[in-house]
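Working notes for the structure below.
The values are calculated or read from the model by the stated rules, or taken from the named source; none is laboratory data. This one's a predicted model, so the numbers in the text were calculated from it and none came from an experiment. No Cβ is skipped: glycine too gets one built from the backbone with ideal geometry, and neighbour counts run over all protein chains shown. Accessible surface areas use protein heavy atoms only, side chains included; no ligands, DNA or RNA. Shrake-Rupley method; radii C 1.70, N 1.55, O 1.52, S 1.80 Å.
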Amino acid sequence: MLLSKRHTDSIGYLHFCQLPSFYYPISLYSINFHLQATLNRMKPIIYLIISVFSIFSFTSCQQPAANSSANGANNASSTAGMAKNEGFFNFYWDDKEGKILLEIDELEQEFIYVSSLATGLGSNDIGLDRGQLGATRLVKFVRSGPKVLLQAINTDYRAVSDNPLEQQSVEQAFAQAILGSFKIVAEENGTIRIDITDFLLRDAHGISQRLKSMKEGDYSVDKDKSAIYMPKTKAFPRNTEFEAITTFTGSGAGRYLRSVLAENSGFAVRQHHSFVALPEDGYQPRKFDPRAGYFATSYADYAQPIDKPLDQKLITRHRLEKEDPSAERSAAKEPIIYYLDAGVPEPVRSALLDGAAWWNEAFEALGYDNAFQVAMLPDDADPLDVRYNVIQWVHRSTRGWSYGASVKDPRTGEILKGHVSLGSLRVRQDLMIAEALLADYEEGKGSDAMESMALARLRQLSAHEVGHTIGLAHNFAASPNDASVMDYPHPKITLDEDGNIQLDEAYAAGLSNWDKLSIAYGYESFEDEASEEEGLKAILSTMESEGLMFISDRDARAEGGAHAYAHLWDNAEDAGTELEHLLKVRQVALDKFSPAVMQDGLPYSQLENYLVPIYLLHRYQVEAAVKLVGGLNYNYGVKPDALILEPVPAAMQQAVLDQLLEAASASTLTLPEHILATLPPQASGYGRDRESFRGRTGLTFDPLAAAESGADLVFGLLLHPERAERLISQQALHADLPGLEDVLEAIENSSFSNNTADTNFTRLVQQRIAFVALHHMIHLAQHENAGPEVKALLHSRLKNLQQRFEKGDTTQQYFSVIISQFIDNPDEYSLPEFSPIPPGAPIGG
């Protein structure tokens, strides 16, 4: 039979396998016919071997091979006509279909996956910025039959052990995540190809959820309008980078989103994906200490002995090693280089380069030669390429925060890429504050001191954000002794002998002792583990001996913070004394406030923009000073070192309380008449925004609303429920310290006393201040976080005020009605909306 004698030579087999299926019988007959005579003369055993081989060969042509794709496409044709890119992961680009095929030559190989946002929405409120880094994950490709899965490894829970079963027990105990599922397109010689196009086109950055959670609209990725962005899709030896244009369509755009969209029906942004090789071996993690000022990489190690802590903490830092470890001074094997966005204009560019370069001083002190460098980003470089540490200049529709982020190895805390985002509008606000303080525009001329102050702030800002990307957290306790760049600096404003405002030393230049010692903790090199332990102890001891303390965000913020010496935007050793000083500076600036604060060509109505930061010049010092009321001085002590935990002295608390009430007095919050005479309604084409005072007078400026905002700032912080609880406990423990009742009595005497104002307008301001104070007392009495002792005290004092106000003037009688409404129906009473205080710090969270 024809089908019982399947034979072929190598040439015949190649041609045969390339024929269409309907040629199979014809081709087989032809091969059989031509070889029949020869085969009949061969020995039976040779005939049998060739016959078996022929059967296998023919079967192979009829069915997909074991290493072919499931749909039968052979490996050669799966990438025919595609452009191959070779690197950490090789990939093929199908220009006709717009697809990416990724090659995987080693399954189960761990690597780092980073998603990020290449282009932004331009709204700081929404918080989706150009260059924003997303999550950094440790991942691996795993195979299951015809599928390949991208698995994210849970690095929060580990067993650092040589026992694989111990490791496995932890891995199986905690949930892992699957980030993607891919069908195998082709397979050859152990290399798998998968189509990752859909994975790259998805909403990797969580944009849809972000918009929905902020009630800014219901938008999702429209794949028909999305595509791979090849100019930023490249492969390098240790990282492969992909970028995609993702178009979102939907409806219900909120106010913030509408303000930045070209079309409300949708928008397009580019999302970036980085596949990064794990760092080479040799990095030595360094233990975290809460006194050193670093961010921590934390995980639970279930392999720890039962008498050792489960939670392990390592600092985040770059890898830095000397070429000659034994030398007192040496170049680095690989210096840390930061690249500045080439889109930054002068003179901002020079200021940012200068500020970032300050850090080299700290590394020089450790014996490194030029180990920290700053340069311009090459024109052909991608800011999101993981090989570059970048300082990026980010534009938004409103001024917003700057921040420093990093890509780090989730296992060790080693920083692989630092990425700084600097908001471009911050410098304009700083310049406007300088203009309003100096009021130097006469006859179209200005003062160099104004631009000098704004650029000095940019240098500090550049150093500050770079500091985050080399591992350092905020240190808000540095300013009393040492002006760390990791603090938030308020401009240092002085008055000369003639009472004129001076800004010559508004911002410090260069690093502080704290900055250098913190870098020493993270980057000093040691010979071995024992010498490292002793060396780190010595650095911490030096910090303590020099009076340098580290206190970070949560302890320093005004709303719930209680630390006496850790403050944001504060320069002084004594926050209360500095508040008194800034109120004097503020009064000088208000006395000389005039159209001379702004350049020619602007409508007079724009003077409101310059007035706001001057009227509220003391706002941050209020936030600092208020923390002394019921405050503590303490450190992040580590046993067996000394623990600091002591209340703020009674005299200091009383003094700062008096200063806070002065800040909320009519004498402070009443605007001078010469200013009110220069504030016309908004000119055509201009208008107020959220950085303006809002009021109840329509088109005209509302001076009572400004006073309302200033009073709200003080009383909202002074009567914060957490502070009230601390005051109750404080006096119970220390009878000589002020309690909540003392604070309430001081507020009543300051705000509700018989009005002795010298003008009718000042009397109106005093009444508005009393209105704000009363409502904050009621708000505290009904607050869910206020304890029964606080509520009982407030109810008692409010009843007394009700009786007192019944016999007062018409305004006080109205106050009595308000109190009655609250006492009769406390659950139904709602705090009125005061004129909101315009943002001072960058807008957004």
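Can you report the number of residues in region 87-123 which are of a type in the set (Val, Ile, Thr) and assigned to a loop (DSSP other than H, G, I, E, B)? Final tally of qualifying residues: 1. Taking region 215-226 as the range and being farther than 15 Å from SER251 by Cβ and surrounded by fewer than 18 Cβ atoms within 10 Å (Cβ to Cβ) as the test, the residues that pass are LYS223, ASP224, LYS225. Against the numbered list (1) aliphatic (A, V, I, L, M); (2) without any contact (Cβ under 8 Å) to a residue 12 or more places away in the chain; (3) in contact with an Asp or Glu (Cβ under 9 Å, 6 or more places away or on another chain), LEU165 comes up short only at (3).
Residues that are open to solvent by less than 90 Å² (accessible area, probe 1.4 Å) and more than 41 Å from the chain's Cα centre (by Cα) do occur in region 736-747, at least one of them. Evaluated against (1) within 30 Å of the chain's Cα centre (by Cα); (2) closer than 30 Å to SER729 by Cβ; (3) not hydroxyl-bearing (Ser, Thr, Tyr), GLY576 falls short on exactly one condition, (1). Apart from one condition, PHE693 fits all of (1) part of a loop (DSSP other than H, G, I, E, B); (2) more than 33 Å from the chain's Cα centre (by Cα); the exception is (2). Given the conditions (1) more than 30 Å from THR249 (Cβ to Cβ); (2) at pLDDT below 95, report the number of the one that ILE112 does not fulfil. So the condition that ILE112 fails would be (2). Entry remark, region 799-823: residues being farther than 20 Å from GLN766 by Cβ and of a type outside the set (S, T, N, Q) number 3 in total. Kindly indicate whether PRO231 is within 21 Å of TYR92 (Cα to Cα), open to solvent by 70 Å² or more (accessible area, probe 1.4 Å) and free of Cβ contacts under 8 Å to residues at least 24 places away in the same chain. Yes; evaluated as a whole, the condition is true for this residue. Being open to solvent by 40 Å² or more (accessible area, probe 1.4 Å), under 26 Å from PRO309 (Cβ atoms) and either at pLDDT 95 or above or not basic (Lys, Arg) (or both) is a property that PRO164 has. Show the residue pairs meeting these rules: Cβ distance below 6 Å; 6+ apart or different chains; first residue within region 494-515 and open to solvent by 70 Å² or more (accessible area, probe 1.4 Å); second residue of a type in the set (Asp, Glu) and modelled with pLDDT under 95. That search, which allows pairs on different chains as well, returns ASN513/ASP482. Once region 535-575 is narrowed to residues that are assigned to a loop (DSSP other than H, G, I, E, B) and under 12 Å from ALA292 (Cα atoms), the residue that is least open to solvent (accessible area, probe 1.4 Å) is ILE551. In this structure, ARG143 does not satisfy being open to solvent by 60 Å² or more (accessible area, probe 1.4 Å), more than 17 Å from PHE275 (Cα to Cα) and part of a loop (DSSP other than H, G, I, E, B).
Residues that are modelled with pLDDT of 95 or more, in a loop (DSSP other than H, G, I, E, B) and hydroxyl-bearing (Ser, Thr, Tyr): does region 124-137 have at least one? No; the residues of region 124-137 include none that is modelled with pLDDT of 95 or more, in a loop (DSSP other than H, G, I, E, B) and hydroxyl-bearing (Ser, Thr, Tyr). Under the condition of being charged (D, E, K, R) and buried (at least 17 other Cβ atoms within 10 Å of the Cβ), the residues counted in region 76-115 number 3.
Residues in region 515-535 that are under 25 Å from SER484 (Cβ atoms), among the acidic types (Asp, Glu) and more than 24 Å from the chain's Cα centre (by Cα): GLU524, GLU532.
Check whether at least one residue in region 517-528 is among the β-branched types (Val, Ile, Thr), surrounded by 13 or more Cβ atoms within 10 Å (Cβ to Cβ) and over 19 Å from ILE644 (Cα atoms), and report yes or no.
Yes, the conditions are met somewhere in region 517-528.
Taking first residues from region 432-455 that are on the phi > 0 side of the Ramachandran plot and partners that are buried (at least 23 other Cβ atoms within 10 Å of the Cβ), the Cβ contacts under 6 Å between residues at least 6 apart in sequence or on separate chains come to ALA439/VAL597.
All conditions in (1) free of Cβ contacts under 8 Å to residues at least 60 places away in the same chain; (2) surrounded by 16 or more Cβ atoms within 10 Å (Cβ to Cβ); (3) assigned to a helix (DSSP H, G or I) hold for GLU171, with the sole exception of (2).
Taken as a whole, the condition of being in contact with a helix residue (DSSP H, G or I) (Cβ under 9 Å, 6 or more places away or on another chain) and charged (D, E, K, R) applies to LYS287.
Answer yes or no as to whether ALA300 is touching an Asp or Glu at 6+ places or on another chain (Cβ under 8 Å), among the aliphatic types (A, V, I, L, M) and farther than 30 Å from LEU165 by Cβ. Considered against the rule, which asks whether it is touching an Asp or Glu at 6+ places or on another chain (Cβ under 8 Å), among the aliphatic types (A, V, I, L, M) and farther than 30 Å from LEU165 by Cβ, ALA300 comes out as no. Checking the stated criteria, SER605 turns out to be part of a helix (DSSP H, G or I) and in contact with a Pro (Cβ under 9 Å, 6 or more places away or on another chain). Every condition in (1) in contact with a helix residue (DSSP H, G or I) (Cβ under 9 Å, 6 or more places away or on another chain); (2) modelled with pLDDT under 95 is met by ASP758 except one, and the failing one is (1). Checking LEU617, LEU679 one by one, the residue that is under 27 Å from ALA841 (Cα atoms), under 30 Å from the mean Cα position of the chain (by Cα) and in a loop (DSSP other than H, G, I, E, B) is LEU617 and no other. For region 760-790, a residue qualifies if it is closer than 20 Å to PRO832 by Cβ and of a type outside the set (A, V, I, L, M), and the qualifying residues are GLN766, GLN767, ARG768, PHE771, HIS775, HIS776, HIS779, GLN782, HIS783, GLU784.
Of all residues in region 605-653 being acidic (Asp, Glu) and over 30 Å from SER692 (Cα atoms), which is least open to solvent (accessible area, probe 1.4 Å)?
Going through the qualifying residues, I end up with ASP641.
Of all the residues in region 654-705, those that are open to solvent by 40 Å² or more (accessible area, probe 1.4 Å) and farther than 20 Å from VAL585 by Cβ number 22.
Test GLY404 against the stated conditions and say whether it is at pLDDT 95 or above, in contact with a helix residue (DSSP H, G or I) (Cβ under 9 Å, 6 or more places away or on another chain) and crowded, with 17+ Cβ neighbours inside 10 Å. Against the criterion (at pLDDT 95 or above, in contact with a helix residue (DSSP H, G or I) (Cβ under 9 Å, 6 or more places away or on another chain) and crowded, with 17+ Cβ neighbours inside 10 Å), GLY404 qualifies.
Within region 688-705, residues that are within 16 Å of TYR615 (Cβ to Cβ) reach partners that are of a type in the set (Val, Ile, Thr) and at pLDDT 95 or above with beta carbons closer than 8 Å, at six or more positions or on different chains, in the pairs GLU691/VAL612; SER692/VAL612; PHE693/VAL612; PRO703/THR670; PRO703/VAL765; LEU704/VAL765; ALA705/THR697.
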